[in-house]
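Since the structure comes first, as structure tokens, the remarks are kept for the end.
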Amino acid sequence: MIGPHVIEEARAHAVAFFADDATGHDAWHTMRVHNLAVRLAREEGAREDVVALAALLHDVDDAKLSPETTEGLGNAAAFLRRHGVADDEARAVLAAVREVSFSKNGGAAPSSLESACVRDADRLDAIGAIGVARAFAYGGARGRALHDPTSTDATTTIQHFYDKLLLLEGMMATDAGRRAAHRRDAYLRGFLEEFLAEWDGER
Ligand code: ADP
Ligand code: NI
């Protein structure tokens, strides 16, 4: 059992780590993923302590923020060592963190129920109303166009919906994740339909 104080320390660690980030990996993203992942863990009967800690640490070695530690998950591993988390529990947490990544682990099945809960939670935060907001915030931060009907290259935010966001519902690993994704995906599709109709002056 991972003590509740370690979870609290991880929360504080995330807040400090993500201060001033504009890549869509702010501390609030981590808090949302934590809350969602714990909810999924309850619904699925996964270990809540491992899921909570992995969710709180899931982005501290992200390639955009800490490229030098991404491969070995150096920041997460150091946190677990510093807080005396037992080896088997640390291994479970690090496996879940490693398996979150969309790009690195896209097709592969998660190796545990705990991994599956954290990964589904991270993906859920990219869809639904929050997902729409994050996508346009990300595009805006990079000076990208909202949409360009003459192009299908990956430089507009609407194109990101087709390249990634609309695929996420089908990539959920847990039943609880699938239920949540179903609602969020419907919202995403409704948004897209409305956006394109407004774009064309139909509404
Ligand atoms: P992950 O945490 O799954 O690795 P990313 O780091 O790729 O996700 O993205 C973080 C957030 O930014 C997500 O909400 C994602 O949808 C959004 N995002 C990533 N790439 C783009 C893009 N090209 N256009 C718009 N939004 C993007
Ligand atoms: Ni994330």
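The values are calculated or read from the model by the stated rules, or taken from the named source; none is laboratory data. Predicted, not measured: the structure shown is a model, and the values here were computed from it. Quick reminder, even Gly has a Cβ in these numbers, built from the backbone with ideal geometry, and neighbours come from all protein chains shown. Heads up: the accessible areas ignore ligands, DNA and RNA and are worked out on the full protein's heavy atoms, side chains in. Shrake-Rupley method; radii C 1.70, N 1.55, O 1.52, S 1.80 Å.
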**Item:** Subset of region 149-172 (residues that are at pLDDT 95 or above and either away from ligand 1 (no atom under 13 Å from the Cβ) or open to solvent by 90 Å² or more (accessible area, probe 1.4 Å) (or both))
**Value:** 162, 169, 170, 172
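Would you say residue 27 is under 14 Å from residue 120 (Cα atoms), within 16 Å of ligand 1 (Cβ to nearest atom) and under 12 Å from the mean Cα position of the chain (by Cα)? Before you say what the answer is, go through the steps one by one.
Working: under 14 Å from residue 120 (Cα atoms): no; within 16 Å of ligand 1 (Cβ to nearest atom): yes; under 12 Å from the mean Cα position of the chain (by Cα): yes.
In short, no.
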**Message:** Considering only region 110-126, I want to know if a residue exists there that is free of Cβ contacts under 8 Å to residues at least 12 places away in the same chain and open to solvent by less than 60 Å² (accessible area, probe 1.4 Å).
**Reply:** no
**Residue ranges of helices (runs of 4 or more DSSP H) in region 92-165 with at least 3 members within 16 Å of ligand 2 (Cβ to nearest atom)** = 102-105, 113-124, 128-141
**Asked** Taking region 37-91 as the region of interest, how many residues are surrounded by fewer than 23 Cβ atoms within 10 Å (Cβ to Cβ), part of a helix (DSSP H, G or I) and aliphatic (A, V, I, L, M)?
**Response** 4
**Asked** Could you say whether any residue in region 11-26 is crowded, with 21+ Cβ neighbours inside 10 Å, modelled with pLDDT of 95 or more and aliphatic (A, V, I, L, M)?
**Response** no
